Amino acid sequence: MFSAESKLTNWNLRGFNNVPAQIFQSIESTHLYMKGAAIHGLIQPGTLIVADQQSCGHGRHDRTWASPAGKNLYFNILIPLEGIPQNRFAQITQVAALTFAEVFRSLQKEQSQNTAQATGIEQAPQITVKWPNDILYGKSKFCGILAEIVFVPAKSGSLGGESCSDISSKPVPALNMGVGINVNGNASDYAFLNRSVTTLKEIIGCKINREKLLQALVASLERAIGQFKAFGLSPWVEAWRKMDQFIGARGTIIVNNHCTDENRERHDNSAAHEGVTKKSGCILDMQPDGSLLFKTDDGEIQTVYSADLEI
């Protein structure tokens, strides 16, 4: 995982079910590209799309995701939803975040053990997941996940070897999951965002082979989705409850369908006039369906299904 990278065009990548990947040197947005290609039947579920650079990368609520070339991972995977009930679709990003965090932790553990043996310094704090799907080190984010349902034209027969244009019935849902990971950059690269940001290189202490990292992430996610189809979210609920800065911690729930980089940071009443609702309190629990049980400072206990959480 710490070896030198090969040239981007030589990366050996596949999506789910061994579907070929599409690799771009530069693209406006892997998320937007996958959405358009999927709804027009140009790609099939399982497809992986990767770019070395994005000119218009974005996260949830269209917040900026800095996407410089040659340093990080920007990719989307079109996850098949066959066999997954509709009321569980939203839980997939939580499964992805916890699965990716385990891959990152394994790298962190390997490198920190080597460092401890060489220097006698104790291991650093663990990488953790902030509900619902941001991956952090301390309070600094380095991996974000964006997902939306798209409807892909159905094909006659099986997927193997057939053109995606062989449409025979109504479109079927798939999950367009976009992932941005700050891998080999420096925190100073993101100072203009005015948010707490870090990178895997700064966490672990050395550069990481992005091709090998992406291979591990996709393989782990495909296995996890198989488990999720069979068992639902239950295998991951306890993992959530063990997360740092989670159960019992204070936090602020931010609900806003039009949240921007600017207004989410406001702490005055003007934010409320722009549709931002902020409530501070304590995280009580993770519920079996993936929702958050949250007690506000005024004593109200809320079940939160979708929001930003500040800790």
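The values are calculated or read from the model by the stated rules, or taken from the named source; none is laboratory data. These numbers come from a predicted model, not from an experiment. All Cβ positions, even for glycine, are placed from backbone atoms using ideal geometry, and neighbour counts span all protein chains on display. The protein model used for the area step is the full one, side chains on, heavy atoms only, and it has no ligands, DNA or RNA in it. Shrake-Rupley method; radii C 1.70, N 1.55, O 1.52, S 1.80 Å.
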Given the conditions (1) at pLDDT 55 or above; (2) outside any strand (DSSP E or B); (3) in contact with a helix residue (DSSP H, G or I) (Cβ under 8 Å, 6 or more places away or on another chain), every one holds for Leu159 apart from (1)
Going through (1) without any contact (Cβ under 8 Å) to a residue 12 or more places away in the chain; (2) touching a helix residue (DSSP H, G or I) at 6+ places or on another chain (Cβ under 8 Å) one by one, Ile203 fails only at (1)
How many residues of the stretch 190-205 are among the aromatic types (Phe, Trp, Tyr) and open to solvent by 50 Å² or more (accessible area, probe 1.4 Å)? The answer is 1
With criteria (1) touching a helix residue (DSSP H, G or I) at 6+ places or on another chain (Cβ under 8 Å); (2) in contact (Cβ under 8 Å) with a residue 24 or more places away in the chain; (3) under 28 Å from Cys282 (Cβ atoms), Pro235 comes up short on (2)
Any hit, the stretch 230-247, residues being modelled with pLDDT under 95, open to solvent by less than 20 Å² (accessible area, probe 1.4 Å), under 30 Å from Gln302 (Cα atoms) and assigned to a helix (DSSP H, G or I):
yes
Within the stretch 248-265, of all residues that are at pLDDT 90 or above and not in a loop (DSSP other than H, G, I, E, B), the one surrounded by the fewest Cβ atoms within 10 Å (Cβ to Cβ) is Arg250
Here the qualifying pairs (Cβ atoms under 6 Å; residues six or more apart or on different chains; first in the stretch 144-166 and closer than 19 Å to Pro20 by Cβ and open to solvent by less than 60 Å² (accessible area, probe 1.4 Å); second at pLDDT below 50 and not hydroxyl-bearing (Ser, Thr, Tyr)) come out as Lys155/Glu162
Over the stretch 198-254, the set of residues polar (S, T, N, Q) and within 26 Å of Gly290 (Cα to Cα) is Ser220, Gln227, Ser234, Gln245, Thr252
When every residue in the stretch 3-17 that is open to solvent by 70 Å² or more (accessible area, probe 1.4 Å) and over 18 Å from Leu107 (Cβ atoms) is compared, the one modelled with the lowest pLDDT is Thr9
Taking the stretch 277-308 and the residues there that are in a strand (DSSP E or B) and under 24 Å from Gln86 (Cβ atoms), the one that is nearest to the chain's Cα centre (by Cα) would be Asp308
